[in-house]
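Written below as structure tokens is the structure these notes are about.
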């Protein structure tokens, strides 16, 4: 049976985190500001941007909204 547990620094998580960071910086938002807009904890956002944590779908939706993009645009930015 395949191992379905999350892999730390999965390339897809790293790519998504990088896309979130890039869009956040383009919009001149701090991690604190984006986290507040998305209803998330700043330290959790930092871990997401580094690809250290998996992301819940609803948080992904809230981050996309806060960044002014769709989830599809965000995942496309990440090359996913």
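Figures for the structure shown
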read-out: Helix 11-26 vs. the chain, principal-axis angle (Cα, 0 to 90°, nearest 10); value: 10
read-out: 0 to 90° range, to nearest 10: angle between helix 57-67 axis and the chain longest Cα axis; value: 30
read-out: Descending principal axes extents, the stretch 11-77, alpha-carbon based, whole Å; value: 26, 22, 21
read-out: Linear extension gain, residue 42 paired with residue 54, 0.36 nm per residue minus alpha-carbon span; value: 2.8 nm
read-out: The chain: relative contact order as a whole-number percent, Cα under 8 Å and 6+ apart; value: 41
read-out: Helix-only mean residue ellipticity at 222 nm for the chain, each DSSP H run of n ≥ 4 adding -39500 (n - 2.57), per residue, nearest 500; value: -19000 deg cm²/dmol
read-out: Distance in nm between pseudo-label sites at residue 80 and residue 26 (7 Å out along the Cβ direction from Cα); value: 1.7
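Since every read-out is calculated from the coordinates, none of them should be taken as a lab result. Keep in mind it's a predicted model, so treat the numbers as computed, not measured. For neighbour counting, all protein chains shown are included, and Cβ atoms are generated from backbone atoms with ideal geometry for every residue, glycine included.
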